[in-house]
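The values are calculated or read from the model by the stated rules, or taken from the named source; none is laboratory data. Note that the structure is a prediction, hence the values are computed from the model and not measured. Here the Cβ is made from the backbone with ideal geometry for all residues, glycine too, and neighbour counts use every protein chain on show.
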Amino acid sequence: MLANLLLSRFASFLYLSFYQTYSLLFDQMILFIYNFYMDKDKLQPKIIWFSIFMVPFILMFVLHSNSFAATDSPSQTPNMMLFYVLAAGGLLLGLTLPRFISPMLKANTNAPTQPYLTVMIIRMAFFEMIALAGFIPANLGHNVTLYYPFFVTALAAMLYFFPTDIRMQEDAS
């Protein structure tokens, strides 16, 4: 009888302590999610980044949905050097040009995230140019494999510049 009473008290103690601990953790998790996703200054750059990030996937889908039939004779593969130069130019401009634009934007605006958003959009547009530079020869040459190196390069560059809180604060100051 005493053992059952002690066991039930111990079980209720464990239940209440775990409930309070998990309730506190759950509350903290909800607060984190709200602060991370609902803060307009933090959410807007991530939405813009994600929409531009999806472009290489859409281009990949278009290439695969064309489903170049075996009866189609593949047209002559275009000269790839021009497209490699375009992709390299997009990567180089995406990495360097925003550094020159950012100080001018910071001097001319009072909004805390506006310079970061402008720089991010410019940078992502140049990285999107890499994917487009691969899409054109892959579509013209009826060869999806021509697109893969451009696809991977564009995604790697875009993922590297994901809008984290630290990056937004550094670029805004």
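The residue that is modelled with the lowest pLDDT, among those in segment 129-171 that are surrounded by fewer than 22 Cβ atoms within 10 Å (Cβ to Cβ) and small (G, A, S), is G141.
Taking the listed residues L86, L43, L59, the one that is modelled with pLDDT under 80, assigned by TED's automatic domain parsing to the domain that holds A138 and surrounded by 12 or more Cβ atoms within 10 Å (Cβ to Cβ) is L43, with no other qualifying. In segment 62-83, the residue that is nearest to the chain's Cα centre (by Cα) out of those that are surrounded by 13 or more Cβ atoms within 10 Å (Cβ to Cβ), modelled with pLDDT under 80 and not hydroxyl-bearing (S, T, Y) is N66.
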